[in-house]
Structure formats: structure tokens, C-alpha cells
1. Which of (1) open to solvent by 40 Å² or more (accessible area, probe 1.4 Å); (2) of a type outside the set (Asp, Glu); (3) out of contact with any strand residue (DSSP E or B) (no Cβ under 9 Å at 6 or more places or on another chain) is the odd one out, the single condition TYR299 does not satisfy?
2. Return yes when ARG185 is among the charged types (D, E, K, R) and open to solvent by 10 Å² or more (accessible area, probe 1.4 Å) and no when it is not.
3. Among the residues of the stretch 127-152, count how many are open to solvent by 20 Å² or more (accessible area, probe 1.4 Å), out of contact with any Phe, Trp or Tyr (no Cβ under 9 Å at 6 or more places or on another chain) and hydrophobic (A, V, I, L, M, F, W, C).
4. Of all residues in the stretch 91-105, which are without any contact (Cβ under 8 Å) to a residue 24 or more places away in the chain and either in contact with a strand residue (DSSP E or B) (Cβ under 6 Å, 6 or more places away or on another chain) or surrounded by 12 or more Cβ atoms within 10 Å (Cβ to Cβ) (or both)?
5. Could you check the stretch 153-192 and list, in sequence order, the residues that are of a type in the set (Phe, Trp, Tyr) and in contact with a Phe, Trp or Tyr (Cβ under 7 Å, 6 or more places away or on another chain)?
6. Take the residues in the stretch 61-90 that are in a helix (DSSP H, G or I) and within 26 Å of ALA311 (Cα to Cα), then tell me which one is least open to solvent (accessible area, probe 1.4 Å).
7. Tell me the residue from ALA230, ALA191, ALA210, ALA250 that is of a type in the set (A, V, I, L, M, F, W, C) and closer than 18 Å to ALA26 by Cβ, please.
8. What are the residue pairs meeting all of these: first residue in the stretch 310-326, first residue farther than 21 Å from LEU270 by Cα, second residue small (Gly, Ala, Ser), Cβ atoms under 8 Å, and 6 or more apart or on different chains?
Amino acid sequence: MTARRRAQAFCDRFGLRVPILQAPMAGSAPPALAAAVASAGGLGGFGALMSSPAQMRDWVARFRSASNGGFQINLWAPDPPPARDAAQEARVREALSALGGVAVPDPGPGPFVQDFAAQCDALVEAAPAVASTIMGLFPPEVVARLKARGIAWFCNATTVAEARAAEAAGADAVVAQGAEAGGHRGTFEDAAAERSQVGLFALLPQVADAVRVPVIAAGGVMDARGVAAALTLGASAVQMGTAFLRSPEAGIHPAWAEAIGRTAPEDTVLTRGFSGRLARGIRNRVTEAFAAELAPAPYPVQRALMLPVRAAAETAGDVTAMQAWAGQGAALSVAEPAGDLVRRLWAEAEAMLA
């Protein structure tokens, strides 16, 4: 099957006009962004990691008031409760207080995450076109509920083995996430995240050969050349995150948006400094602090510890202490309305694939 026919088959199956998905970036994917992408024919995305069921329902209502297109709701596969180390957390708090110029209090007992079962209930109730996971698989009982409601499941994978496991568990498509991608690495086993750094164009064709379900390419896809190349290498669609962050609908902090446009590939780094989970962002004072001898607290404690530092940085417009996620292709981004970006990229990619 040609790349163009494979993309069309994907669009036909999932009700799209364009094989471009907006990455479901938690905290950076408001309804306006997802609606703009969906109305242009792509798939909008909602990262619901930090959202309560009530907030999930509100997001869905606002999306549906703006677009009748499709969207995905993404959840993280839950981790067991973290092992707490009071002495280590005290060291991290002291370092962050000095770095951010703000008091970092004891975060308390937690759990610092939403109730996953309640989120799954809200997801099934919302009945989006797609439910997706990162960091692992939906439990079998949730998969059964999704299928009963006609909700497709897309599972993020960073290795061929993870892609095979996702297909075996019932995933309808696999998102092959290359190491170039901004934001959190979706590795199933957190301890393996540093070892699972495969670039997209090495990972993608091997995943496409290993599974029978459609494969969606994610990581470093920023322009029409990337779209066309990913489809040629076996993808049925692409998922783009950093490419949309400078769109006005994303509404991220202006200092972060401006930094994305001038960030070279080597100026992004993998860090656990913001959340305790490995993620790619723009090199700054926070990433440098945790690249030395200071070890972060585990996820999600580290994220709780970082909250006052992030808030102070955003108030001051100080990108050197912000959580500024970006992939290695950041400098290729364009400050363009999201719908226009989707339409332009697909028109240009189609011309290349003709």
C-alpha cells in the first residue's frame, strides 16, 4: 500500500480528513487548540493527566461547543505509590528555594495525582473518538469498556517490544514516540526511560514491520517534509506537539513560545527535574541543577515540589526556570493559527507524496 493510500485508510477509519493528530499535551492543550485542529480535519487532543472528572467534563463540553470534529483524551497508565525519602526531599526543597527565590514547602502526604479509576469513568462517559495512554497500557477491564462504547485506543510506545505489547493488549493503533519528542517520554517502565532513546526514523519502520495495527509517528515532525517522510517510512498518520505550541490557540506563556522558536536541537535536554519522570525540554537553570549531583524526588512528588518555582517563573516571565517542554525540532516551528497549520502542512505533504 502506498503512503498516500495508507494515510487515507487511517482517515477513513477514524473519521478524519487529514492524518495529523495534535499531541494531547497536559496543561498545554486547551479546547480552543484541539477544536482548531479538529475543525481543520485532524484529531484534537486533551492531556487529562492533571484533570479531575469534573474538569474533564468541562473540557469536553467546551470542545464540543467549538467543533464537531474528533479528539482524543489521554491518560497516564498509573504508577505504584512512590517511595518517599524525607531527607532527599529536604535537599531538593532547599535547592529549589535557592534556585527559584521562593519558599518550597513540604508537599505533604500526597497522593499528588488524580483518581485514575474516576478519570476512566469520566473518559468512557465522554465517549471521545479516541482514548490514549502513555507510560503503559489500559487495564483489560478498561479496554473492554472502551470497545463496548466504540472508543478506539491509541497506545504510546517507545520501543518495538512496547508496540507489540500494546497490540496484544488490544490497542487499535500505536503511537511510535521517537527520542526527539518534547515532553514526557512514554516508556512503560520508568527505570528503562534513559535506556530507551531510539530516534523516530529508526523506530518507526521497525514498529510498522512488527505490528498489524496502524502506526502514528511522533517526535521531531515539524513540517511537511517530516509528515511525508514519516508516512513513507510506514506511518499511517503523524502526531505533533511542539509544532502547535506557538499557535495562538495553545495559549502558553509568551516567554516559552518565544524560546521555542530559537531553540536549536542541542539546546533541548532530557530531564527528571520538573516532574520526576524523564522528559525533553529547553535547557535552563532547573535542568542544569538536576544534571549535576542533585537527584530529583520521584514522580509525582517532584512535580509537587516544583509547583512554587514554576509559578514564580511564570509570574516573572523567566524561561530559565519554567517548565518549557520542546522537542528537538523546535526551531522549525511557526507561529501560525493551528487550523491554518494543519491545512498547509497536509497540502504541502500531499504534493511531496504525489
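The values are calculated or read from the model by the stated rules, or taken from the named source; none is laboratory data. These figures come from a predicted structure and were not determined experimentally. Positions of Cβ are generated from backbone atoms using ideal geometry, with glycine treated the same way; all protein chains shown enter the neighbour counts. In case anyone asks, the SASA skips ligands and DNA or RNA and just uses the protein heavy atoms, side chains included. Shrake-Rupley method; radii C 1.70, N 1.55, O 1.52, S 1.80 Å.
1. Among (1) open to solvent by 40 Å² or more (accessible area, probe 1.4 Å); (2) of a type outside the set (Asp, Glu); (3) out of contact with any strand residue (DSSP E or B) (no Cβ under 9 Å at 6 or more places or on another chain), the lone unmet condition for TYR299 is (1).
2. Numbers: among the charged types (D, E, K, R): yes; open to solvent by 10 Å² or more (accessible area, probe 1.4 Å): no.
No: the conditions fail for ARG185.
3. Number satisfying all stated conditions: 3.
4. Filtering the stretch 91-105 down to residues without any contact (Cβ under 8 Å) to a residue 24 or more places away in the chain leaves 94, 97-98.
Residues satisfying the conditions are GLU94, SER97.
5. Passing the criteria: only TRP153.
6. Just the residues of the stretch 61-90 that are in a helix (DSSP H, G or I), to begin with: 61-66, 86-90.
From what's left, within 26 Å of ALA311 (Cα to Cα): 62, 86-90.
On the way: ARG62: 122, ALA86: 84, ALA87: 55, GLN88: 30, GLU89: 14, ALA90: 49 Å².
Residue satisfying both the conditions and the ranking: GLU89.
7. That would be ALA250, the only listed residue that is of a type in the set (A, V, I, L, M, F, W, C) and closer than 18 Å to ALA26 by Cβ.
8. ALA312/GLY100; ALA312/GLY101; ALA312/ALA321; GLY317/ALA255
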